[in-house]
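**Student:** One structure is given below, represented as structure tokens, and several questions about it will come after.
The values are calculated or read from the model by the stated rules, or taken from the named source; none is laboratory data. Worth saying up front: this structure is predicted, and the values here are computed from it rather than measured. Neighbour counts run over all protein chains shown; Cβ positions are idealised from the backbone, glycine included.
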């Protein structure tokens, strides 16, 4: 059964899309995006690198704390969230450099989540290198991850912003951080749920992944001087773009193209959109096998069992269905940019969102 785009369909979809023709024109105006976006991401990386390196000077000179923080900062990453922050600031006519402190703070928060996610998920590799906990052990890994939270706060405190703006930005990081924690809790709770629905997945992912992107867009908008209504549009844009990003991330996981082991989500028993679709469309035998394998202890799962789940995904068209759903969600996200200022930054935001939903690695 083809699952409807339930969570943002119907009335919610109608309310978000204020001008179908205008939205279609907005999407159609985006020419091939990968090169443009990757050049922008490289530029952002160059611009925030000095901020990130200055942060290292604040880390106590004791190891493995300093080594771990330095490794995580210098091991790469796309700088997607930093780019969203900069573009959202520029959208309202503010110069890019005003947002760099917040962009670096968001990169610190990203590193905080990555280090802890690898521990929670048991992932031994990140960006084709050994993860922090694998290098230094779980206790040190937790501590190294924790260090990025004060680094994020310092990046904002030391910024040339008015005191009132600093307070709003730190409050915003805290609020979205709590939403991310809620989303992670929902994700963990779903891992033993054999009746997971699209609505379950959407609610979880909107909080877990979407809230982090909203931290970037809303924060950039605050610095740029956006109104409350404009901030709300940036928030909804980011929440939806985050869901599309997570769906694509889940698809990439089954082929091992993320710098992690192939099928890590299967090993962890995660309820992805592919699991939802496969469960609804598989034969009874395949459905039983799907959840039996997902519910097994990670260490008890063989490569053959992971491949069995991948084969169930293939037979049910789970990856193709998920990719199509991500595209529909990106189209919905674009609707929230319609009323925002007509600037180059607006189209850059859309290119970034489409890049997230189409990326190949």
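**Student:** Could you tell me which of the residues 197, 272, 205 is modelled with pLDDT of 95 or more, crowded, with 24+ Cβ neighbours inside 10 Å and over 21 Å from residue 305 (Cβ atoms)?
**Tutor:** After ruling out the rest, the residue left standing is 205.
**Student:** Would you check which residues across segment 313-335 are over 22 Å from residue 199 (Cβ atoms) and at pLDDT 95 or above and list them?
**Tutor:** Answer for segment 313-335, where residues must be over 22 Å from residue 199 (Cβ atoms) and at pLDDT 95 or above: 314, 315.
**Student:** Pull up segment 311-322, narrow it to residues that are surrounded by fewer than 18 Cβ atoms within 10 Å (Cβ to Cβ) and touching a residue at least 24 places away in the same chain (Cβ under 8 Å), then point me to the one that is nearest to the chain's Cα centre (by Cα).
**Tutor:** Among them, the one singled out is 317.
**Student:** Going by the structure shown, is residue 326 buried (at least 22 other Cβ atoms within 10 Å of the Cβ), under 30 Å from residue 94 (Cβ atoms), touching a residue at least 24 places away in the same chain (Cβ under 8 Å) and touching a helix residue (DSSP H, G or I) at 6+ places or on another chain (Cβ under 8 Å)? Spell out the reasoning first.
**Tutor:** Values: buried (at least 22 other Cβ atoms within 10 Å of the Cβ): yes; under 30 Å from residue 94 (Cβ atoms): no; touching a residue at least 24 places away in the same chain (Cβ under 8 Å): yes; touching a helix residue (DSSP H, G or I) at 6+ places or on another chain (Cβ under 8 Å): yes.
No, not satisfied.
**Student:** Next up: Which one is nearest to residue 350 (Cα to Cα) among residues in segment 51-70 that are under 24 Å from the mean Cα position of the chain (by Cα) and surrounded by fewer than 19 Cβ atoms within 10 Å (Cβ to Cβ)?
**Tutor:** Checked segment 51-70; the qualifying residue nearest to residue 350 (Cα to Cα) is 53.
**Student:** Follow-up. With the checklist (1) at pLDDT below 95; (2) over 25 Å from residue 131 (Cβ atoms) in hand, flag the one item residue 77 doesn't pass.
**Tutor:** (2)
**Student:** To continue, here is another question. Determine whether residue 26 is in a helix (DSSP H, G or I), at pLDDT 55 or above, in contact with a helix residue (DSSP H, G or I) (Cβ under 7 Å, 6 or more places away or on another chain) and buried (at least 17 other Cβ atoms within 10 Å of the Cβ).
**Tutor:** Answer is no for this residue.
**Student:** So, of the residues in segment 243-256 that are under 17 Å from residue 354 (Cβ atoms) and in contact (Cβ under 8 Å) with a residue 60 or more places away in the chain, which turns out to be surrounded by the most Cβ atoms within 10 Å (Cβ to Cβ)?
**Tutor:** In this case the residue turns out to be 243.
**Student:** Still on this model: Give the residue that is modelled with the lowest pLDDT, with candidates limited to residues of segment 29-60 that are part of a helix (DSSP H, G or I) and farther than 30 Å from residue 147 by Cβ.
**Tutor:** So in segment 29-60, the residues part of a helix (DSSP H, G or I) come out as 34-56.
Subsequent filtering for residues that are farther than 30 Å from residue 147 by Cβ retains 34-37, 39.
Working: 34: 72, 35: 81, 36: 86, 37: 91, 39: 93.
So the residue we want is 34.
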